[in-house]
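One structure is given here, and the rest of the page talks about it.
The values are calculated or read from the model by the stated rules, or taken from the named source; none is laboratory data. Bear in mind the structure is a predicted one, so any value in this text is a computation, not a measurement. When we count neighbours, we look across all protein chains shown, and the Cβ atoms used for this are built from the backbone with ideal geometry, even at glycine.
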Ligand code: G3I
């Protein structure tokens, strides 16, 4: 009965997205037996931590860091800057842009410093490029200016010289305009000597899409730029848009999902060593997945079912490591 982390040992981390209310019982069993890395699904985002200028709530991120430390789990930090999780007080901020910039610098440096030596890597900026391309119009672009992404990476680096710094985004294998703009952004950062170590490809995918070749092409572009690649939020929908909806995980879709997990893991496993880091699945049990709330159809996107039992997808993950 080989476990995911043992099968991938010495090669890359196998991670899971977690939250403080899912660390006991079956969650704890799987986190300690199958995984060796965690990402906070929500609780290291700005809205959780940042109550106001100089005012921080460390309760939940600290609890996750303590759990990981106690159980020898690597920690990937997610995410310092993301337009979706901006605290309410910040969205209504009426001070000057200079004040806003000071607040952001303080925030990034305070969070990164607090966990220096404990957190291996951070998603510094998350989802800054639009679907279909173009830099996303956010409060950060508006108030910090077009070089805001560079500034955020620099502040993070000043706070911790050793932590790995990632840019993280979704759907770039399938959306080539978006993909081009992500790499244009990275080229610009690298040309300006901005400290970026890696690229997070979220990998919220389905049994149909993207194809192996599409994923490979995206990964290759990251490797051409000497970036560490993190498959940072993997899940595989079995009821994607455009397909007939099934009300249960049929044998056919279960098999297709196993193949997709195998394909993704196999592809990741072929990345040259210094550029491998982790594959992180975005949750543990199917019924806890964000996919269930997001789409108006049932789904079973993860590796374990509602009773914490391994699915065929788990077999596929192991097969990808052969
Ligand atoms: O914690 C509160 C809880 O106190 C409250 O009772 C409950 C009521 O709705 O909400 C809880 O907060 C929710 C939080 O997840 C924790 O479960 C938020 O409403 C909900 O919006 C939040 O959703 C998360 C979402 O990011 C937004 O932060 C999802 O769980 C999480 O899977 C999702 O993850 C994102 C990645 O960070 C970035 N990439 C895309 C991915 C999927 O959207």
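Summary table
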{"read-out": "Pick from region 260-284, criterion away from the ligand (no atom under 16 Å from the Cβ) and either over 22 Å from the mean Cα position of the chain (by Cα) or assigned to a loop (DSSP other than H, G, I, E, B) (or both), ranking: surrounded by the most Cβ atoms within 10 Å (Cβ to Cβ)", "value": "271"}
{"read-out": "Identity of the residue in region 289-305, more than 15 Å from residue 261 (Cβ to Cβ) and more than 9 Å from the ligand (Cβ to nearest atom), that ends up surrounded by the fewest Cβ atoms within 10 Å (Cβ to Cβ)", "value": "296"}
{"read-out": "Any hit, region 250-259, residues being more than 19 Å from residue 214 (Cα to Cα), within 15 Å of the ligand (Cβ to nearest atom) and out of contact with any helix residue (DSSP H, G or I) (no Cβ under 7 Å at 6 or more places or on another chain)", "value": "no"}
{"read-out": "Residue in region 204-214 that is over 17 Å from residue 265 (Cβ atoms) and not in a loop (DSSP other than H, G, I, E, B) present", "value": "no"}
{"read-out": "Top-ranked residue of region 31-53 - restricted to ones that are touching a helix residue (DSSP H, G or I) at 6+ places or on another chain (Cβ under 7 Å) and closer than 14 Å to residue 89 by Cα, ranked as farthest from the ligand (Cβ to nearest atom)", "value": "53"}
{"read-out": "Matching option when the condition is more than 16 Å from the ligand (Cβ to nearest atom), modelled with pLDDT of 95 or more, surrounded by 20 or more Cβ atoms within 10 Å (Cβ to Cβ) and in a strand (DSSP E or B), among 219, 229", "value": "229"}
{"read-out": "Single residue of region 1-30 satisfying the filter (touching a helix residue (DSSP H, G or I) at 6+ places or on another chain (Cβ under 6 Å) and surrounded by fewer than 22 Cβ atoms within 10 Å (Cβ to Cβ)) that is farthest from residue 285 (Cα to Cα)", "value": "7"}
{"read-out": "Scan of region 67-82 for residues that are in contact with a helix residue (DSSP H, G or I) (Cβ under 9 Å, 6 or more places away or on another chain), surrounded by fewer than 17 Cβ atoms within 10 Å (Cβ to Cβ) and in contact (Cβ under 8 Å) with a residue 40 or more places away in the chain, ordered by number", "value": "71"}
{"read-out": "Residues being assigned to a helix (DSSP H, G or I), within 15 Å of the ligand (Cβ to nearest atom) and surrounded by fewer than 22 Cβ atoms within 10 Å (Cβ to Cβ) - total across region 54-63", "value": "3"}
{"read-out": "Exclusive hit being part of a loop (DSSP other than H, G, I, E, B), under 25 Å from residue 169 (Cβ atoms) and away from the ligand (no atom under 16 Å from the Cβ), set 72, 11", "value": "11"}
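Condition check ((1) within 16 Å of residue 79 (Cβ to Cβ); (2) touching a strand residue (DSSP E or B) at 6+ places or on another chain (Cβ under 7 Å); (3) within 16 Å of the ligand (Cβ to nearest atom); (4) without any contact (Cβ under 8 Å) to a residue 12 or more places away in the chain) across all residues:
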| position | (1), (2), (3), (4) |
| --- | --- |
| 159 | yes, no, no, no |
| 162 | no, no, no, no |
| 165 | yes, yes, no, no |
| 171 | no, no, yes, no |
| 178 | no, yes, yes, no |
| 192 | no, no, no, no |
| 195 | no, yes, no, no |
| 202 | yes, yes, yes, no |
| 209 | no, no, no, no |
